[in-house]
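Asks: Sharing a structure below in structure tokens format, with a few things to ask.
Rule-based calculations on the coordinates, nothing more; no lab input. Nothing here was measured: the structure is a model prediction, and the numbers come from that model. Virtual Cβ from ideal backbone geometry, glycine too; neighbours counted across all protein chains shown.
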Amino acid sequence: MTDRAIIDWPAWTDSPPGRYVLEWEQTQLDRVVSDVFGYHALQLGLPQLDALRENRMPCRGLVLDAASGASAPYTFPRGLGRAGNGRGNSAAQGLPAGVPAPAGRSAVWCDLLDLPFEAQSVDLIVMPHTLEFTSDPHRLLREAERVLMPEGQLIILGFNSLSLWGARQSVGKMTGRPFVPAAVDLIAFTRLKDWIKLLGFDLERGRFGCYRPPLGSEQWLSRYGFMEAAGDRWWPIFGATYMIKAIKRVPGMRLVGPLKVKKPVLAAGLTPAATPNTRNHTQ
């Protein structure tokens with residue numbers, strides 16, 4: 001593969017390692033998002049992956065940013081840039097028909113670091129490798145926290161820097177031949193956990209996958225298929241990719257069930273006083 005085929009998402013996702021990674025990630029997302037309920041769900045970037053296809057929320061959107069490599073190859077058409085206030089354009093505002101919004105979903109062009117959504121208005125956000133393409137991962141996470149409703153869910157997928165793929169990526173960047181597409185250094189799983197905890201999220205689950213070596217051919221990847229079960233059992237934290245699912249918590253907010261009125265309980269050894277009977281009362 002050429003440097004361009006490795007660096008660009010569209011070409012890389014058509015390569016054997018790209019198809020291998022996306023297949024694992026699509027399987028995980030289909031399983032996880034199917035039981036997330038609400039009204040609004042968003043996928044930020046990477047249109048080659050249909051992150052919300054198994055989700056049943058009525059309003060699902062694909063958010064793309066022309067400045068992000070995770071949105072390639074779709075760029076702003078001439079004359080259809082960002083608005084002066086930094087907000088994007090939606091399909092209802094003249095978005096061309098060529099934008100690949102899946103059936104039943106709308107596509108929104110905007111700056112991912114300035115999402116055009118009200119605070120606490122979204123129930124689910126999925127970020128497939130989006131943090132690896134933004135110039136400011138911290139700010140993107142803060143934007144996700146801002147628009148998520150209390151108890152809203154955030155799902156993040158990324159390449160694991162503590163893996164064979166991460167090691168090859170580090171060497172490849174020094175030699176000018178990176179193996180996976182990423183505009184910034186890969187974010188370690190442990191570092192990302194610290195980031196989302198600082199923003200008030202509770203980590204609900206994390207999962208690693210793709211344990212085969214970083215090879216470029218279908219034949220060699222197939223030969224190492226036995227490493228999937230072995231890696232999942234013996235060295236799970238060294239998978240090439242990871243998925244994090246977190247829940248936004250709001251301090252001071254606690255969900256309670258219906259109130260139950262408790263009957264007063266008499267202290268041990270005490271009995272209620274007898275009520276005087278007027279019929280037997282001594283005259």
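Asks: Go through 239-250, 213-224, 30-41 and give me the packing order, highest mean Cβ count within 10 Å leading.
Replies: Working: 239-250: 21.1, 213-224: 13.9, 30-41: 16.3.
Result, highest mean Cβ count within 10 Å first: 239-250, 30-41, 213-224.
Asks: What ranking do 43-50, 200-207, 119-126 get when scored by the average of other Cβ atoms within 10 Å per residue, highest first?
Replies: 43-50, 119-126, 200-207
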